[in-house]
Amino acid sequence: MLRPHRPSGVVLLCPGASLIGLVPSPRPSPIARVLGGIGDVEGAIRSDVTRKKVFSGIQPSGDIHIGNYMGALRNWVAMQDDYDTVYCVVDLHALTLPQVPAELRDARLRTAKILLASGIDPQRSLIYYQSEVPQHAELCWILGTLASIGHLSRMTQYKEKLDKGGQNLGLFSYPVLMAADILVHRVHAVPVGNDQTQHLEFTRDLVDRFNSRYGEYFPRPRQITPGVGARVMSLKEPTSKMSKSDPDASSRILVTDDADGIRRKIRRAVTDSGRRIVYDVARKPGISNLLDILAVFTGDSVEELADRHSASGYGKLKEVAADAVIAGLAPVRRAYLDLDDVDVERIMNAGAVEARRRTEQTMADVRELIGLPG
Ligand code: AMP
Ligand code: TRP
């Protein structure tokens, strides 16, 4: 039986609206809760059909930095209270750039651990590795037959990555797999940083193409991006995005960095000419980036912070920012170090079982809609 999507008319969250203020600020769940629930993970993650659904993914292609945390992860954690949340370590996406197999294996596990340590709670969220749920790849193929080559070739991320990994079809069709990730769960919203805007637009375009050809089936997913921290910049080059693939490791603060490492990187962050502390992204990108970081880790607004520190020097602002980041990440780092790899893999395996069950329902509908046996 098909369950066509009916737009409910309920506005979930305005696209681009600040999540801060709409939901309580994230607090990492105590590690005891993560570990305590392992026994009943499978039972606990049954989908609640009455709540709006959310999906997001993160690539295990390096170490998770505060850009990932500020732009995405902390909102993933916060959304667990109000939404039916599904989070995925998108290892198939990571293959679009060359990977060393043993490193990929480690990075998958480290990424899963960071999600759990940040407060993703397997009792409330479905969490799994993308490659263990083949329905993603199946839907990707079907959506690929509807995807516009012109639209795909205009993707900024594709153009940027072309130089890094050579040309391959996977890199070109990366947004189709991302659309499949989202649509296979038929979710309403996707919390991401603002570098994913084009990919979300592409996803909605695929929804329109599919629905107009085969009948209204997929919801058009909204992008949820935080007001502050949606684009955290490199500490070394504050006009470029903080990125996992930047060869200069001091350009990013890792979620698992220790206090000394965080302080050292912030002290050495590139700042701007002049001495005044003002929030002005165009003229003072370095200082504005530090103010964004401080705002997220203190909960204060950038204006308030710029005001409060207007008489301090850059050096003082850096110390205050380092203190806030160290304090904010300390519980995550502690939880990360406490997690047991075997327990984490059990959580991820249980997640994959449930994800296969849920996504197979979508695939049976899709096959039937397009004229294949459901
Ligand atoms: P990725 O590292 O590309 O797998 O990204 C995982 C999530 O982090 C996505 O939602 C991105 O939009 C977000 N993200 C990545 N880099 C940044 C950044 N520098 N600032 C804010 N969000 C980011
Ligand atoms: N493309 C995203 C990124 O680079 C990762 C991703 C893959 C994703 N599939 C997704 C994000 C689905 C949100 C929803 O950050």
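The values are calculated or read from the model by the stated rules, or taken from the named source; none is laboratory data. Nothing here was measured: the structure is a model prediction, and the numbers come from that model. So basically every Cβ, Gly included, is an ideal-geometry build from the backbone, and we count neighbours across all protein chains shown.
Per the listing THR271, THR256, the residue uniquely buried (at least 17 other Cβ atoms within 10 Å of the Cβ), assigned to a loop (DSSP other than H, G, I, E, B) and at pLDDT below 95 is THR271. Filtering segment 54-84 to residues that are away from ligand 1 (no atom under 12 Å from the Cβ) and polar (S, T, N, Q) leaves only GLN80. Note on segment 309-339: residues that are part of a loop (DSSP other than H, G, I, E, B) and under 23 Å from the mean Cα position of the chain (by Cα) amount to 1. Within segment 204-224, is even one residue among the small types (Gly, Ala, Ser), more than 10 Å from ligand 1 (Cβ to nearest atom) and without any contact (Cβ under 8 Å) to a residue 12 or more places away in the chain? The answer is yes, given that some residue of segment 204-224 is among the small types (Gly, Ala, Ser), more than 10 Å from ligand 1 (Cβ to nearest atom) and without any contact (Cβ under 8 Å) to a residue 12 or more places away in the chain.
Taken together, ASP292, ASP307, ASP280, ASP272 contain a single residue that is under 30 Å from ASP121 (Cβ atoms) and outside the structural domain of THR156 (by TED's automatic domain parsing), which is ASP292.
Here is a yes/no grid of residues against (1) within 25 Å of ARG110 (Cβ to Cβ); (2) touching a His at 6+ places or on another chain (Cβ under 7 Å); (3) in the same structural domain as ILE66 (by TED's automatic domain parsing):
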{"position": "ASP208", "(1), (2), (3)": "no, no, yes"}
{"position": "TYR214", "(1), (2), (3)": "no, no, yes"}
{"position": "PRO219", "(1), (2), (3)": "no, yes, yes"}
{"position": "LYS241", "(1), (2), (3)": "yes, no, no"}
{"position": "ILE253", "(1), (2), (3)": "yes, yes, no"}
{"position": "THR256", "(1), (2), (3)": "yes, no, no"}
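Among the residues making up segment 342-374, a single one is touching a residue at least 40 places away in the same chain (Cβ under 8 Å), polar (S, T, N, Q) and either out of contact with any His (no Cβ under 9 Å at 6 or more places or on another chain) or exposed (fewer than 14 other Cβ atoms within 10 Å of the Cβ) (or both): ASN349. Under the condition of being acidic (Asp, Glu) and at pLDDT 50 or above, the residues counted in segment 20-79 number 2. For the condition in contact (Cβ under 8 Å) with a residue 24 or more places away in the chain, hydrophobic (A, V, I, L, M, F, W, C) and assigned to a helix (DSSP H, G or I), ALA306 qualifies. Could you check, for segment 123-136, whether at least one of its residues is within 12 Å of ligand 2 (Cβ to nearest atom), assigned to a helix (DSSP H, G or I) and out of contact with any strand residue (DSSP E or B) (no Cβ under 6 Å at 6 or more places or on another chain)? Yes: one or more hits. Looking across segment 80-102, the residues that are in a loop (DSSP other than H, G, I, E, B) and either of a type outside the set (Phe, Trp, Tyr) or surrounded by fewer than 20 Cβ atoms within 10 Å (Cβ to Cβ) (or both) come down to GLN80, ASP81, ASP82, VAL90, LEU95, THR96, LEU97, PRO98, GLN99, VAL100. Taking segment 203-253 as the range and being of a type in the set (Lys, Arg), crowded, with 17+ Cβ neighbours inside 10 Å and more than 16 Å from ligand 2 (Cβ to nearest atom) as the test, only LYS236 passes.
Checking each residue of segment 300-310 against the condition of being surrounded by fewer than 17 Cβ atoms within 10 Å (Cβ to Cβ), closer than 21 Å to GLU237 by Cα and of a type outside the set (A, V, I, L, M, F, W, C) gives no match.
Looking only at residues that are part of a loop (DSSP other than H, G, I, E, B) and of a type in the set (Gly, Ala, Ser) in segment 147-202, which one is nearest to ligand 2 (Cβ to nearest atom)? Filtering segment 147-202 for residues that are part of a loop (DSSP other than H, G, I, E, B) and of a type in the set (Gly, Ala, Ser), the one nearest to ligand 2 (Cβ to nearest atom) comes out as GLY193.
Got at least one residue in segment 139-158 being of a type in the set (Val, Ile, Thr), touching a residue at least 60 places away in the same chain (Cβ under 8 Å), surrounded by fewer than 23 Cβ atoms within 10 Å (Cβ to Cβ) and within 15 Å of ligand 1 (Cβ to nearest atom)? Looking for residues that are of a type in the set (Val, Ile, Thr), touching a residue at least 60 places away in the same chain (Cβ under 8 Å), surrounded by fewer than 23 Cβ atoms within 10 Å (Cβ to Cβ) and within 15 Å of ligand 1 (Cβ to nearest atom), one finds none in segment 139-158, hence no.
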